[in-house]
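The block underneath contains the structure these notes are about, expressed in structure tokens.
Derivation of every value follows stated rules applied to the coordinates shown; laboratory data play no part. Just so you know, these numbers come straight off a predicted model, no measurement behind them. Please note: Cβ atoms are built from the backbone with ideal geometry, for glycine as well, and neighbour counts cover all protein chains shown.
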Amino acid sequence: MSEARRSADVIVIGGGIHGCSTAMHCAMRGLSVILIEKDHAGRHASGVNAGGVRQLARHVAEIPLSNTSMALWHRIEDLVDDDCGFTSDGQVLVAEDEEDLGNCRARVDDLTLRGFHHEELIDAAELRRLVPAVSDACPGGVVSRRDGAAIPLRATQAFKRKAQSLGADIREGVRVTRVARDGANWRVETDHGAFHSSRIVNAAGAWADRIAADLAEPVPLEVIAPMLMITARMPAFIKPVVILRKRKLSFKQFENGTVLIGGGYLGRAIRDENRTVLDWGKLATNAKTVWDLFPIMRGAPILRAWAGIEARMPDDLPVFGRSARHEGVYHQFGFSAHGFQLGPGAGAVMAEIIATGSSNVPIDGLGIARFAVSAQP
Amino acid sequence: MITIETIGQVAEHYDIAVVGAGPAGLAAASRAAELGLSVLLADENPAPGGQIYRAITTTPVTKRAVLGEDYWKGGALVDRLRPTNAAYAPGCTVWSVAPDEAGGFELGLSLGGQARLIAAGQVILATGAQERPFPIPGWTLPGVMTAGAAQIALKASGLVPSGRTVIAGCGPLLYLLAGQLAAAGANIVAVLDTTPRRNWLAAIAAFPGFLRSPYLAKGLKLMAAARGRLPFKTGVTALAAGGSDKLTGVTVTRGGASETIPCDALLLHQGVIPGINLANAAGCAQHFDTVQHCWTPTVDDWFASSIPGIAIAGDGAGIGGAESAALRGEIAALDAARRLGRLSEAERNEKAAPTQAELARSLRGRRFLDLLYRPAPQFLAPPADETIVCRCEEVTAGQIRDTARRLGVTGPNQMKAFLRCGMGPCQGRLCGPTVVELIAQERGVSAEETGYYRLRPPVKPVTLAELAALPPTDAAIKAVVR
Ligand SMILES: Cc1cc2nc3c(=O)[nH]c(=O)nc-3n(C[C@H](O)[C@H](O)[C@H](O)COP(=O)(O)OP(=O)(O)OC[C@H]3O[C@@H](n4cnc5c(N)ncnc54)[C@H](O)[C@@H]3O)c2cc1C
Ligand SMILES: Cc1cc2nc3c(=O)[nH]c(=O)nc-3n(C[C@H](O)[C@H](O)[C@H](O)COP(=O)(O)OP(=O)(O)OC[C@H]3O[C@@H](n4cnc5c(N)ncnc54)[C@H](O)[C@@H]3O)c2cc1C
């Protein structure tokens, strides 16, 4: 694997968890791979997210991919030689009132009809057992027991290292400036010269629309900056991850006692400068929700708040699968603030599609064609 | 000067917000207010003065000779602010500075257990310096503290360490401090000087500049006074604090031989470096200054940072000492007034010219000091694996070296994900420089290439209740409805 290597079976653009996972799974299948990352692997969304490994409350179109991923998370150490800090204490959606609980029931019934059983309706007693600290007013909720959390940057880098150990060539600090056809191949131009391959994967996260535009497949990608806060160590009081439906909240206590507070409130992303600006007014609302629901958190010191740069599609679903226009082009981006859990599985499915032409895991509804602008209006 | 007592008295908007009431912040706030601008001067300390003039208006130390003549000069800076209309908020922590969408800035403040978001057209960060972390085996034992912390106790409360006291490290402040503590009655049993002998070789080229510098007379006087009276030991190459649950002694290596000096207090000092946390969290660009050997926010001749509208004055933008800090604050205020349209460029230049000349003079000879007192490598990157580097998360030098090597970790932000170093309440103030040094050494690259922590607000902890009580913004209400 020389520094001068300029072509491979597959070139992956982007070293988030998706790019790294796809690179690793391709390498496992014996394909030669070059992964190109403009910063370092996990520098963006994949390294700074909430680490939630969640199947709970996912859109049905994503559930097959999410199931595939969950199976891999539960044997993550065998897969990448690092436990990625993965723990599985379940995730609980707390219903704040009866109406909320009614919606939970409808959701679980709908999943059952479709043959998915990972979400389970729980009553007030079970809720209290799982989350003793929750306010007494909450009448129940939904649990997904195999869910959990992992350490994002550690997980992303574990995929990168495993890919490397299987022979993948990881180029960090190299920026793709343009992709273009070059005979039967694709030419991937970078600030460190050009690379060639017959197959390219666009896993460029919040910058993926630029690659797609080069390929004449423009997408309405919105660059967002979801925010998180973390507290100082608190006495252990909660095991599962807790999320709400009506008000926005996700809440997780780590083993060391620190509590991560999120919920999808957005700051401002300045993607060309790798920078984000927080919106403290929204974080205050976020804090107020915690103040209401978990009285024991009221005196907790907030140590840090941050945001990550993420890609969101108008329907909150990823763009996943082959290009609608070109042979040898694959898209894997737009995970709309819930793509960390999908990383291991999406990489496996993508590698399967690249290597064999298809996969048994259904990905209907995720293709880029859904955004194609028809030539005649 | 209007002293602010409760957070409710802080206005919604100021032309200029100055963070830090040391010499730089006091001069900047005075100058801006004299130009008719509305000014907020916020400082987390209960009284103005910053580090050098800490507690200048309140100190219980009355014998002037104890703290030295320089200390008492601070009174004039405060006196200059008094007749102005500037709002001065003591006990007020600024935990966030961020550009708002109107082209100005939003500041997050805490005062008396309550938080507030306010706006300012321009921001001058005058947050000063901090002591360089000095990790040696045993530095977390009770009885070991930084020399600066001992000085704070002396200035603010008139306290001196009790029992047999050892002072160790290097830098001009070490001599000053030893002298101040001795004058205040501390029982100093040894001053252990770690200045590497070969630094003289590097520094000698800068010596002519030093000869013409204002530091010279002051420095020689300090040194002579301290050396004459105190038991100095030079050429120290290794230090370890000993004791099981508290400090009982310090083991010193000089010229290859070790001895243990029994003591009750060990004061460590390895020079000062810019306190970059607020600037870094605000997104200001920084670089590694190879002469002062530290991360420094990048500023232009007017002390403007990479973010238009944020200036960084004083030791927070590179160590230059108290006199230069005040001059830099003055110049930054003139430029902020120009940005606000209060002064034309020509007016600014004219008013700044004499101050700029004085600044150049005040910085003459600095390079000599920087080169002479550059810490030895073994005190920047502790060789003993068991030395704790990150005190908040109890991470050792050995763990950092091992992780850098085994997992190919290339920078401190990645290291956090594996070892949690820098993720505690101090936000890397006590470990950042050391973590960078260890990674750089292990990988054989420069500190610049290794990078520094990306720091996040709040730069000082804010409680959940404080945050929850902030009035929600329109944007937040919309976000919930969506
Ligand atoms: C604050 C926050 C909390 C979140 N919480 C969760 C959660 O709890 N659970 C969950 O499942 N998901 C969560 N997410 C979402 C999740 O982090 C993302 O969906 C996921 O990480 C996306 O991975 P990615 O590989 O597609 O993108 P990224 O991690 O953004 O990776 C894309 C990479 O491509 C690189 N790149 C872009 N353009 C170029 C170019 N031209 N040349 C070279 N490289 C390029 C970028 O530098 C980047 O590193 C959260 C996101 C955020 C921001
Ligand atoms: C511990 C220590 C002791 C020192 N003692 C001396 C000495 O005795 N003599 C000497 O010549 N030099 C001393 N120095 C060097 C000192 O840096 C300069 O002499 C001088 O004080 C620098 O002035 P300044 O205005 O830049 O910053 P400072 O004088 O340090 O003032 C900065 C002020 O900003 C405040 N501040 C910082 N962050 C925030 C925030 N987020 N919110 C609100 N307020 C904030 C601090 O509390 C402080 O009052 C000392 C430095 C240190 C670190």
Original post:
Among A:SER21, A:SER336, A:SER323, A:SER7, what is the fewest-to-most ranking by other Cβ atoms within 10 Å?
Top reply: A:SER7, A:SER323, A:SER336, A:SER21
Original post:
Around B:ILE136, what is the net charge, scoring Lys/Arg as +1 and Asp/Glu as -1 over all other residues with Cβ under 15 Å from its Cβ?
Top reply: -2
Original post:
In degrees between 0 and 90, to the nearest 10, how far off the longest principal axis of chain A does helix A:343-356 point, with axes built from Cα atoms?
Top reply: 30
Original post:
How high is the relative contact order of chain B, given as a whole-number percent (alpha carbon pairs under 8 Å, six or more residues apart)?
Top reply: 18
Subject >> Violating pairs (Cα-Cα greater than 22 angstrom) within the set A:LYS38/A:LYS248; A:LYS288/B:LYS460; A:LYS160/A:LYS239; B:LYS218/B:LYS351; B:LYS63/B:LYS155 >> reply: A:LYS38/A:LYS248; A:LYS160/A:LYS239; B:LYS218/B:LYS351
Subject >> Computed [θ] at 222 nm, deg cm²/dmol, chain A (DSSP H ≥ 4; -39,500 (n - 2.57); rounded to nearest 500) >> reply: -8000 deg cm²/dmol
**OP:** For every other residue with a beta carbon closer than 12 angstrom to the beta carbon of A:ASP100, add +1 if it is Lys or Arg and -1 if Asp or Glu, then tell me the sum.
**Re:** +1
**OP:** Sort out for me the Cα centre separation of the range B:407-472 from the range A:306-367, rounded to whole Å.
**Re:** 32
Subject >> Shielding by other protein chains, A:287-296, mean Cβ within 10 Å >> reply: 3
Subject >> Karplus 3J(HN,Hα) series, Hz, for the range B:262-267 with 6.51 cos²θ - 1.76 cosθ + 1.60 (x for Gly, Pro) >> reply: x, 7, 10, 9, 10, 10
Original post:
Counting only other chains, what is the mean number of Cβ atoms within 10 angstrom of the Cβ of each residue in peptide B:451-463?
Top reply: 5
Original post:
What's log10 of I(q)/I(0) for the protein assembly as shown at q = 0.05, 0.06, 0.08, 0.11 Å⁻¹, Debye sum over Cα points only, no solvent?
Top reply: -0.31, -0.45, -0.78, -1.31
Original post:
Considering only DSSP states other than H, G, I, E and B, which trypsin sites (Lys or Arg not before Pro) in the range A:158-201 qualify as loop sites with at most 16 other Cβ atoms within 10 Å?
Top reply: A:ARG175
**OP:** Report relative contact order for the range A:269-358 in percent, whole number only (criteria: Cα-Cα under 8 Å, sequence separation at least 6).
**Re:** 20
Subject >> Beta bridge orientation in the range B:232-330: antiparallel %, DSSP, nearest 5 >> reply: 100
Original post:
Kirkwood hydrodynamic radius (Cα pairs, Å) of chain B?
Top reply: 23.3
Subject >> Long-range amide H partners of B:VAL18 with built H, under 5 Å >> reply: B:LEU40, B:LEU41, B:ALA42, B:ILE124
**OP:** Collect residues whose amide H, placed 1.01 Å from N in the peptide plane, falls under 5 Å from the amide H of B:VAL389; neighbours closer than 5 in sequence don't count.
**Re:** B:VAL395, B:THR396, B:ALA397
Original post:
How big is the convex hull of the Cα atoms of the range B:1-148, per residue, in Å³?
Top reply: 142
Original post:
Which value results when the Cα radius of gyration for the range A:1-117 is divided by 2.2 N^0.38 Å?
Top reply: 1.39
Subject >> Using alpha-carbon coordinates, inclination of helix B:432-443 to the longest axis of chain B, degrees >> reply: 60
Subject >> Phi to ³J(HN,Hα) by Karplus 6.51 cos²θ - 1.76 cosθ + 1.60 over the range A:128-135, Hz, x for Gly, Pro >> reply: 5, 5, 6, 10, x, 7, 6, 4
Subject >> Ranking of A:ILE122, B:ILE2 by count of other Cβ atoms within 10 Å, fewest first >> reply: B:ILE2, A:ILE122
**OP:** Rounded to the nearest Å, what's the spacing between the alpha carbon centres of the range A:2-40 and the range B:50-90? Just the number, please.
**Re:** 61
Original post:
Using the alpha carbon gyration tensor of the range A:96-169, what are the three equivalent-ellipsoid semi-axes (square root of 5 times each eigenvalue), largest first, in whole Å?
Top reply: 37, 17, 9
**OP:** Go through the range B:97-114 residue by residue and turn each phi into a ³J(HN,Hα) via Karplus (6.51, -1.76, 1.60, θ = phi - 60°); whole Hz please, and just put x for glycine and proline.
**Re:** 9, 8, x, 9, 7, 8, x, x, 9, 10, 10, x, 10, 10, 8, x, x, 10
**OP:** On a 0 to 90° scale, report how tilted helix B:322-339 is relative to the longest principal axis of chain B, with both axes built from alpha carbons and the result rounded to the nearest 10.
**Re:** 20
**OP:** Pick out which of A:ALA348, A:ALA155, A:ALA125 has the largest mean-square fluctuation in a Gaussian network model of chain A, springs linking Cα atoms closer than 10 Å.
**Re:** A:ALA125
Original post:
When the helices in chain B are scored as -39500 (n - 2.57) per DSSP H run of 4 or longer and the sum is shared across all residues, what 222 nm value do you end up with, to the nearest 500 deg cm²/dmol?
Top reply: -10500 deg cm²/dmol
**OP:** Hey, can you grab everything whose amide H is under 5 Å from the amide H of A:VAL12? Only 5+ residues off in sequence or another chain; H modelled, so Pro and N-termini drop out.
**Re:** A:ILE34, A:LEU35, A:ILE36, A:VAL201
Subject >> Net charge of neighbours whose Cβ lies under 10 Å from the Cβ of A:ILE238, counting Lys and Arg as +1 and Asp and Glu as -1 >> reply: +1
Original post:
Which cysteines does the protein assembly as shown leave without a neighbouring Cys Cβ under 4.7 Å?
Top reply: A:CYS20, A:CYS26, A:CYS84, A:CYS104, A:CYS138, B:CYS92, B:CYS170, B:CYS263, B:CYS284, B:CYS294, B:CYS392, B:CYS426
Subject >> Value of relative contact order over chain A, rounded to a whole percent, pairs C-alpha under 8 Å and six or more apart >> reply: 24
Subject >> For A:MET28, A:MET313, order by how many other beta-carbon atoms lie within 10 Å, fewest first >> reply: A:MET28, A:MET313
Subject >> Along chain A, longest interval not containing exposed GluC sites (Glu not before Pro), exposed being DSSP loop plus at most 12 other Cβ atoms within 10 Å >> reply: A:4-254
Original post:
Per residue of A:267-276, what is the mean number of Cβ atoms on other protein chains within 10 angstrom of that residue's Cβ?
Top reply: 2
